[in-house]
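Please treat every number below as a calculation from the coordinates, not as lab data. Computed from a prediction, not measured in an experiment: that's the story for all the values here. When we count neighbours, we look across all protein chains shown, and the Cβ atoms used for this are built from the backbone with ideal geometry, even at glycine.
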Amino acid sequence: MSQIEQDIQKLLEAMNEVLEQEGYPIDFPYFNFDDRENEIILTLGFEYEYFCSLLNRCMTRKLIAKKTLSLGFDDIALTQQGQEQALSKKKQQGGFGMNIGQLTINGPTQIGDGNTQNFANYLLTIESMIDNSQVSDAEKKKAKGLLQQVTENPLLNTIIGGLLSGIIK
């Protein structure tokens, strides 16, 4: 994830946190970022021009929306899509840790719909099969790298988790 993507994520999480603390619904035009002394701007510590570029990117991606026709960055609201992205990162940080090379799972593994531990067991099996295969070390390393890429992709994790839960039932 690039630095800009990480900063967008921090911004969305901060906006969602403020809304939850204050009890406002999403789409409520709560934020006024024309004020350079805004709590979120100060907390995140971004230069104001860079912060404005992040806001523009978020508006382009429909993560936030301007609720009035005025100029500037007042009356900004977090959208449903923006809140989903803010919350999805927190869920990913929850309890799923994986390191391929030596596969370790920290805490319960939940992929897809109620598919606890099954995905981790399949990954261990696949890694074992790679290690026991009759190919060069370079091929094994390449295969493990591809496996790591697959496991780091949230969309593929969900799809594979769904497939595995279907196989098990």
Original post:
For D74, what charge total do you get from the other residues with a beta carbon under 11 Å from its beta carbon, if Lys and Arg give +1 and Asp and Glu give -1?
Top reply: -1
Original post:
Is there a pair in K67/K89; K10/K141; K10/K142; K62/K144 whose C-alpha atoms are over 29 Å apart, and which pairs would that be?
Top reply: K10/K141; K10/K142; K62/K144
**OP:** Could you pull out every residue, at least 5 positions away or on a different chain, whose amide H is within less than 5 Å of the one on D34? Hs are placed 1.01 Å off N in the peptide plane, and Pro or chain starts have none.
**Re:** F73, D74
Subject >> Residue order, fewest to most beta carbons within 10 Å, for S2, S88, S70 >> reply: S2, S70, S88
Subject >> Residue-count net charge about E5 - beta-carbon cut-off 12 Å; Lys, Arg +1, Asp, Glu -1 >> reply: +3
Original post:
What length, rounded to one decimal in nm, is gained on full extension from L87 through to M1, with 0.36 nm per residue of separation minus their alpha-carbon distance?
Top reply: 29.3 nm
